[in-house]
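Colleague: The structure is given below, and queries will be raised subsequently.
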There are 2 protein chains.
Amino acid sequence: MVEHDSLALDTIFRALGDATRRAMLGELAAGERSVGDLAAPFAMSLAAASKHIKVLEGAGLIRRDVRGRTHVCSLDPAPLMSADQWLGIYRRFWTGRLDTLEQLLRAEGAAPPPKPPLPGKEGE
Amino acid sequence: MVEHDSLALDTIFRALGDATRRAMLGELAAGERSVGDLAAPFAMSLAAASKHIKVLEGAGLIRRDVRGRTHVCSLDPAPLMSADQWLGIYRRFWTGRLDTLEQLLRAEGAAPPPKPPLPGKEGE
């Protein structure tokens, strides 16, 4: 992985490491919001909320569009996709576990154990 | 989402927000490692590496097993699965985009002929 991607992932994962920021992304998943609307549900000052918004912006997770006197935020899912791709490397651990569990259950229910599935069934 | 899960996700995402810690998880994905082995590839003191290992341990991402005088670390993928589940809420944004692209390509392949292209959209 190149250095640039690595720095980007640092910023993305750190931005996600806060419940308020994750809740803001949840709001934006439903549609664009003004900075005021985005800050409203949280028991914090507008300045504190703006700080969170800036962290999300810094990670590329939200875009800010200035319309007259209103700053409108929208979700940019691209960094979430990068995080998802990184996690994808590890996905085999839990999907693999489910496969093992299934094999154990099948082995317990019937002897001899069934033959392995035909090739070409992978990647479901 | 309950408060407990939210705090756990904070800790998990923050632990992932560092290239050294992600590289350590990558090492552990290949199999268990002693603390010394895990620290070796990085240009940092054993104390600094141990700090990273403790952060990963705190997030539940690694387990430490004391065998005589050796501390052996192994990957616990469960917190990665939690992070993956959280990201799953947003997956529709990029899979949706691919679906739209596919629909556009399929629509282009079928008659009636498309309207004249918009200005600046010609060529690739």
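The values are calculated or read from the model by the stated rules, or taken from the named source; none is laboratory data. These numbers were taken from a predicted model, which means no experiment stands behind them. So basically every Cβ, Gly included, is an ideal-geometry build from the backbone, and we count neighbours across all protein chains shown. Just the protein is used for accessible areas: all its heavy atoms, side chains included, with ligands, DNA and RNA removed. Shrake-Rupley method; radii C 1.70, N 1.55, O 1.52, S 1.80 Å.
Colleague: Select from the stretch B:69-85 the residues that are farther than 14 Å from B:L28 by Cα, at the interface with chain A (Cβ under 7 Å from one of its Cβ atoms) and in contact (Cβ under 8 Å) with a residue 40 or more places away in the chain and list them in ascending order.
Modeller: The answer is B:A83, and nothing else.
Here's the yes/no breakdown for (1) of a type in the set (F, W, Y); (2) in contact with a His (Cβ under 8 Å, 6 or more places away or on another chain); (3) at pLDDT below 90; (4) open to solvent by 70 Å² or more (accessible area, probe 1.4 Å):
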position	(1), (2), (3), (4)
A:E57	no, no, no, no
A:L61	no, no, no, no
A:R67	no, no, no, yes
A:S74	no, no, no, no
A:E102	no, no, yes, yes
A:L105	no, no, yes, yes
A:P112	no, no, yes, yes
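Colleague: Just checking, which of B:L16, B:L7 is closer than 16 Å to B:D84 by Cβ and of a type in the set (A, V, I, L, M, F, W, C)?
Modeller: Values: B:L7 fails: closer than 16 Å to B:D84 by Cβ.
The match here is B:L16.
Colleague: In the stretch A:16-31, how many are at the interface with another protein chain (Cβ under 8 Å from one of its Cβ atoms) and in contact (Cβ under 8 Å) with a residue 12 or more places away in the chain? Quick ask: steps written out before the conclusion?
Modeller: The initial filter retains those residues of the stretch A:16-31 that are at the interface with another protein chain (Cβ under 8 Å from one of its Cβ atoms), namely A:16-19, A:22, A:25-26, A:29.
Those left that are additionally in contact (Cβ under 8 Å) with a residue 12 or more places away in the chain: A:16, A:18, A:25, A:29.
Result for the stretch A:16-31: 4.
Colleague: In the stretch A:9-25, what residues are open to solvent by 30 Å² or more (accessible area, probe 1.4 Å) and either of a type in the set (S, T, Y) or on the phi > 0 side of the Ramachandran plot (or both)?
Modeller: A:T11
Colleague: Report the residue count in the stretch B:20-69 for those that are of a type in the set (S, T, Y) and touching a Cys at 6+ places or on another chain (Cβ under 9 Å). Break it down into steps so the answer makes sense when it comes.
Modeller: First, the residues of the stretch B:20-69 that are of a type in the set (S, T, Y): B:20, B:34, B:45, B:50.
Filter again for touching a Cys at 6+ places or on another chain (Cβ under 9 Å), leaving B:34.
Looking only at that region, the number is 1.
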